[in-house]
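Notes for the one structure printed next.
The values are calculated or read from the model by the stated rules, or taken from the named source; none is laboratory data. Because the structure is predicted, anything quoted here is derived from the model rather than measured. Positions of Cβ are backbone-derived with ideal geometry, glycine not excepted, and every protein chain shown enters the neighbour counts. Heads up: the accessible areas ignore ligands, DNA and RNA and are worked out on the full protein's heavy atoms, side chains in. Shrake-Rupley method; radii C 1.70, N 1.55, O 1.52, S 1.80 Å.
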Amino acid sequence: MVRNICIWPKLDNLGGPTSFQRRLMAGLRAQGVVVHHDPEDPGCQAILLIGGTRHVGVLWRARQRGLRILQRLDGMNWIHRRRFQGLRHALRAEYANLNLAFIRRFLADGVVYQSRFARTWWQRVYGQGEKWETVIYNGVDLDQFAPFGMHERPAERWRVLVVEGHLRGGSVLGLESAVRLTRALQEKAPRPVELWVVGEVPAAEQAFISSLAKDVTLNWVGVVSPERIAYLDRSSHLLFSAELHPACPNAVIEALACGLPVAGFDTGALGEIVTPLAGRVVPYGADPWRLQPPQIEPLVDASLEILANWDAFSQGARQRAEAAFGLERMTAQYLEALRAILG
């Protein structure tokens, strides 16, 4: 029986891992499990490690005391190999990859991958390994993220939304695509189109994208609280998934739960998450691993199809979330994973 679990390390920054940790802790506590961030707790049975940690010695001592370790993995750092962002950033990124791989191979009793894409990526680079493994998608509270609630979705224009915790580096290419998409939709759509960008965008990147978007209605929303994301999803007509090779993007799952259809390129796990009734995932048309610009025309046509049949796609998005991305479902799967490594 799973009674006492350490989820480690404690996360309190922006982005998907923090949202995941907060949601899973709430779900486990609802099941009567004691959840905390102290690997030294005498009653602890196992550690659920979110990615990696530089405190490898803590994990080693935990194993010596008989604790089991379940590692949760998304993707790897890779954009720095294609777009140089400074030596310090590159060294930290490479260290993080090696740290994750070391724990995966030598310390973890089991591994949870966020998607089939993430599992295939890790197995291709670092080998399949002999540990217990599974895939568990992220989940959301389907009551908090729901189609019905406060919103300000405009009737006289279409709103394209981009939501990311951090938009920098390779994500700038995604923002460029968002601008290109919005511009093309303006030319073909029967009503005005605007682009809203939610997330942390450094000043230099923001200025660069603004210079490209002089003919596009662009609103930099900035960083918002998690509670406001659902409101923004309900206030939009289309989510454009800007991240390249996402392992399991929370922004996409949250949008689907709110009945917001999703459009994006077929990179990473997006094709696993967005079904044809919930949005459109189109071929990239170039090499995303080399950060080549995508072909925008298929994305424009797919977005126009969604906007022209918005009610049907909105209903399909919510149905997809209810079928695969509920918090209770995710919690149950993590409990099964913990039981598996505890024996």
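Note the full-extension length gain between residue 289 and residue 208 as 0.36 nm times their separation in residues minus their Cα-Cα distance, in nm to one decimal. Please report the intermediate quantities before stating the final value.
Working: separation 81, 0.36 × 81 = 29.16 nm, distance 2.22 nm.
Residue separation times 0.36 nm, minus the Cα-Cα distance, leaves 26.9 nm.
Surface composition of the stretch 27-81: carbon plus sulfur atoms contribute 45% of the solvent-accessible area (1.4 Å probe, protein chains only, all chains present). For the stretch 154-238, the solvent-accessible area of protein heavy atoms averages 40 Å² per residue (probe radius 1.4 Å; ligands and nucleic acids excluded).
Put simply, the amide H of residue 133, placed in the peptide plane, has neighbours under 5 Å in 111, leaving out anything fewer than 5 places away on its chain. When the chain is treated as a GNM, springs tying every alpha-carbon pair under 10 Å, which of 75, 43, 110 comes out with the largest mean-square fluctuation? Highest fluctuation among the options: 43. Taking 0.36 nm per residue of separation and subtracting the Cα-Cα distance, full extension of the segment from residue 227 to residue 13 would add 75.6 nm. In summary, the aspartates and glutamates within cross-link reach of residue 131, defined as a Cα separation below 18 angstrom excluding same-chain residues under 8 places away, comprise 74, 109, 336. Placing a pseudo-label 7 Å from each Cα along the Cα-to-Cβ vector at residue 96 and residue 191 gives an inter-label distance of 4.0 nm.
Placing 1, 25 in order of accessible area, with the largest value first and a 1.4 Å probe, yields 1, 25.
Between residue 120 and residue 157, the FRET efficiency estimated from the beta carbon spacing at R0 = 41 angstrom works out to 0.55.
Legend: residues 234, 228, sorted from most to least accessible area (1.4 Å probe; ligands, DNA and RNA excluded), read 228, 234. From the Cα gyration tensor of the chain, with a ≥ b ≥ c the square roots of its eigenvalues, which class applies: rounded if a/c is under 1.5, or else prolate if a/b is larger than b/c, or else oblate? Since a/c reaches 1.5 and a/b is larger than b/c, the shape of the chain is classed as prolate. Here the contact order of the stretch 219-343, divided by its residue count and restricted to Cα pairs under 8 Å and six or more residues apart, works out to 24 percent.
Rounded to the nearest 10 square angstrom, residue 281 shows an accessible area of 40 square angstrom against a 1.4 Å probe. Taking label positions 7 Å along the Cα-Cβ direction at both residue 60 and residue 26, the computed distance is 3.8 nm, reported to one decimal.
Here's the list of aspartates and glutamates a cross-link from residue 214 could span, going by alpha-carbon distance under 20 Å and ignoring same-chain residues fewer than 8 apart: 176, 187, 194, 205. Quote the relative contact order of the stretch 155-283 in percent (integer), defining contacts as alpha-carbon pairs under 8 Å separated by 6+ residues. For the stretch 155-283, the relative contact order is 26 percent.
Helical content alone sets the calculated 222 nm signal of the chain at -13500 deg cm²/dmol, taking -39,500 (n - 2.57) per DSSP H segment of four or more residues and averaging over every residue. When 141, 215 are compared by accessible area of protein heavy atoms, the largest-first order is 215, 141, using a 1.4 Å probe. With both labels modelled 7 Å from their Cα along Cα-to-Cβ, the residue 34 to residue 315 distance reads 4.9 nm. Judged by the ratio a/c of the largest to the smallest principal axis of the C-alpha gyration tensor, the stretch 200-315 counts as rounded, that ratio being less than 1.5. Here the stretch 1-101 is treated with +1 on each Lys and Arg Cβ and -1 on each Asp and Glu Cβ, and its dipole about the Cα centre works out to around 240 debye.
Output the antiparallel fraction of DSSP beta bridges having both residues in the chain, as a percent to the nearest 5. In the chain, DSSP labels about 0 percent of beta bridges as antiparallel. Summing +1 for each Lys or Arg and -1 for each Asp or Glu among the other residues whose beta-carbon sits under 9 angstrom from that of residue 51 gives 0. Comparing 13, 250, 97 in a Gaussian network model of the chain where C-alpha atoms under 10 Å apart are linked, the largest mean-square fluctuation is found at 13.
Among the protein heavy atoms, those of residue 313 account for about 20 Å² of accessible surface (1.4 Å probe, every chain in place). Surface calculation, 1.4 Å probe, protein heavy atoms: residue 132 sits at approximately 100 Å² accessible. For the chain, the relative contact order works out to 18 percent when only alpha carbon pairs closer than 8 Å and six or more residues apart are counted. Going by the alpha-carbon gyration tensor, a ≥ b ≥ c the square roots of its eigenvalues, is the stretch 180-236 rounded (a/c under 1.5) or, if a/c is not under 1.5, prolate (a/b greater than b/c) versus oblate? In terms of gyration-tensor shape, oblate.
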